[in-house]
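Shown next, in structure tokens, is the structure this report addresses.
Each value in this text was obtained by applying a stated rule to the coordinates, not by laboratory testing. Treat the numbers as computed from the prediction; the structure is a model and nothing was measured. Every residue, glycine among them, receives a Cβ derived from its backbone with ideal geometry; neighbour counts consider all protein chains shown.
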Amino acid sequence: MRRVVFAVDDVEDTVARVHRHGAELAGEITRFGVIRSAAPRSPGGHHRPLAGQPR
């Protein structure tokens with residue numbers, strides 16, 4: 001199974017911005033080494049995984 005993960009400069013800021021457009025965070029913002037990741041869920045129920053380095 002292939003997965004697309006969107007690279008962003010600031011995970012927290014991006015999650016806040018998509019939340020204002022109706023997305024909800026599925027789980028928590030997590031850290032894997034130096035990478036932070038999150039999986040916002042769109043209003044239609046689709047997950048849009050994000051990853052980026054911490055600020």
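Taking square-rooted eigenvalues a ≥ b ≥ c of the alpha carbon gyration tensor, is the chain rounded, prolate or oblate, where a/c under 1.5 means rounded and, failing that, a/b exceeding b/c means prolate? The shape class here is oblate. Dipole magnitude for the range 6-52: computed about the Cα centre from +1 point charges on Lys and Arg Cβ and -1 point charges on Asp and Glu Cβ, it is near 120 debye.
Annotation for Val4 and Arg41: the two label points, set 7 Å from Cα along the Cα-Cβ direction, are 2.0 nm apart.
Ordering His21, Val34, Ala51 by Cα displacement along the dipole of the range 6-52 toward the positive end leaves His21 in first place; charges were set at the Cβ atoms of Lys, Arg (+1) and Asp, Glu (-1). Taking amide H as placed 1.01 Å from N in the peptide plane, Arg36 has its amide H under 5 Å from the amide H of Gly52, Gln53, each at least 5 places away in sequence or on another chain. The helix-based estimate of mean residue ellipticity at 222 nm for the chain, built from -39,500 (n - 2.57) per DSSP H run of four or more residues and divided by its residue count, is -4500 deg cm²/dmol to the nearest 500.
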